[in-house]
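*Asks:* Got a structure for you, written out below as structure tokens; questions coming shortly.
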Amino acid sequence: MTQIIYTDKAPKAIGPYSQGVIVGDLLFLSGQIPVDPTTNEVVESDMITQTNQVMINIAAILESQHLSIKNIVKTTIFLKDMQQFALVNEEYSRHLGDHRPARSTVEVSRLPKDVLVEIEVIASIKTK
């Protein structure tokens, strides 16, 4: 059985998908892009600002399920330009603190709404 996740504190899905789905003990978040949920617009086009907004959106969805960044077990980061990886890594690390989930990072030719970064997450809903 699956449970569809929705919170108005993160951007609404812009297609035929949900913000997240719980299956068993795992929460799968759809890729989050740097859209401000209050304006439904993409934030400034610099990598640090966009990564910050993506991480805020991820945290909002997790918090809607009484979870936190510490529940993340795997992330996949999609970048428009791998040369900006250091900037993304720094901002991503700032949000994670000492938590270190598994991660993959790939460069892609284009992302929705021509953003610079998208991050998808798998989180465990079990408490430690």
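The values are calculated or read from the model by the stated rules, or taken from the named source; none is laboratory data. Model, not experiment: these values are computed from the prediction. Positions of Cβ are generated from backbone atoms using ideal geometry, with glycine treated the same way; all protein chains shown enter the neighbour counts.
*Asks:* In the set P11, P34, which member is in contact with a Pro (Cβ under 8 Å, 6 or more places away or on another chain) and of a type outside the set (A, V, I, L, M, F, W, C)?
*Replies:* Working: P34 fails: in contact with a Pro (Cβ under 8 Å, 6 or more places away or on another chain).
When all the criteria are applied, what remains is P11.
*Asks:* Right, here's the next one. Return a yes/no flag: does segment 34-45 have any residue that is without any contact (Cβ under 8 Å) to a residue 40 or more places away in the chain and of a type in the set (A, V, I, L, M, F, W, C). Quick ask: steps written out before the conclusion?
*Replies:* The first filter runs over segment 34-45 and keeps only residues without any contact (Cβ under 8 Å) to a residue 40 or more places away in the chain, leaving 36-41, 43-44.
From what is left, the residues that are of a type in the set (A, V, I, L, M, F, W, C) are 43.
Yes.
*Asks:* Which ranges mark the strands (runs of 3 or more DSSP E) fully within segment 1-79 that have 1 or more residues being in contact with a Phe, Trp or Tyr (Cβ under 7 Å, 6 or more places away or on another chain)?
*Replies:* Numbers: elements: 2-5, 20-23, 26-32, 72-79.
In segment 1-79, 20-23, 26-32, 72-79 are the strands (runs of 3 or more DSSP E) which contain 1 or more residues that are in contact with a Phe, Trp or Tyr (Cβ under 7 Å, 6 or more places away or on another chain).
*Asks:* Can you go through K74, K70 and tell me which one is closer than 29 Å to I4 by Cβ, among the charged types (D, E, K, R) and either in contact with a His (Cβ under 8 Å, 6 or more places away or on another chain) or at pLDDT below 95 (or both)?
*Replies:* Details: K74 fails: either in contact with a His (Cβ under 8 Å, 6 or more places away or on another chain) or at pLDDT below 95 (or both).
It is K70.
*Asks:* Answer yes or no as to whether T51 is surrounded by 15 or more Cβ atoms within 10 Å (Cβ to Cβ), modelled with pLDDT of 95 or more and farther than 26 Å from Q3 by Cα.
*Replies:* The answer is yes for T51.
*Asks:* Here's a follow-up. If I ask for residues that are assigned to a loop (DSSP other than H, G, I, E, B) and of a type outside the set (D, E), which ones from segment 85-99 would you list? Quick ask: steps written out before the conclusion?
*Replies:* In the first step, residues of segment 85-99 are kept if they are assigned to a loop (DSSP other than H, G, I, E, B); the result is 97-99.
Matches in segment 85-99: G97, H99.
*Asks:* Enumerate the pairs (first residue in segment 62-80 and more than 8 Å from T105 (Cα to Cα); second residue anywhere and among the aromatic types (F, W, Y) and surrounded by fewer than 19 Cβ atoms within 10 Å (Cβ to Cβ)) with beta-carbon separation below 8 Å, excluding pairs fewer than 6 apart on the same chain, so at least 6 apart or on different chains.
*Replies:* Cβ pairs passing all conditions: S64/Y6.
*Asks:* Might you let me know whether segment 2-25 holds any residue that is more than 20 Å from R110 (Cβ to Cβ), buried (at least 18 other Cβ atoms within 10 Å of the Cβ) and of a type in the set (A, V, I, L, M, F, W, C)? Steps first, please.
*Replies:* Step one: list which residues in segment 2-25 are more than 20 Å from R110 (Cβ to Cβ), which gives 2-10, 12, 18-25.
Checking which are buried (at least 18 other Cβ atoms within 10 Å of the Cβ) leaves us with 5, 10, 19-20.
When the remaining residues are screened for being of a type in the set (A, V, I, L, M, F, W, C), the result is 5, 10.
The answer is yes, given that some residue of segment 2-25 is more than 20 Å from R110 (Cβ to Cβ), buried (at least 18 other Cβ atoms within 10 Å of the Cβ) and of a type in the set (A, V, I, L, M, F, W, C).
*Asks:* Another one. Can you go through R103, R110 and tell me which one is farther than 13 Å from T51 by Cα and either without any contact (Cβ under 8 Å) to a residue 24 or more places away in the chain or part of a strand (DSSP E or B) (or both)?
*Replies:* It is R103.
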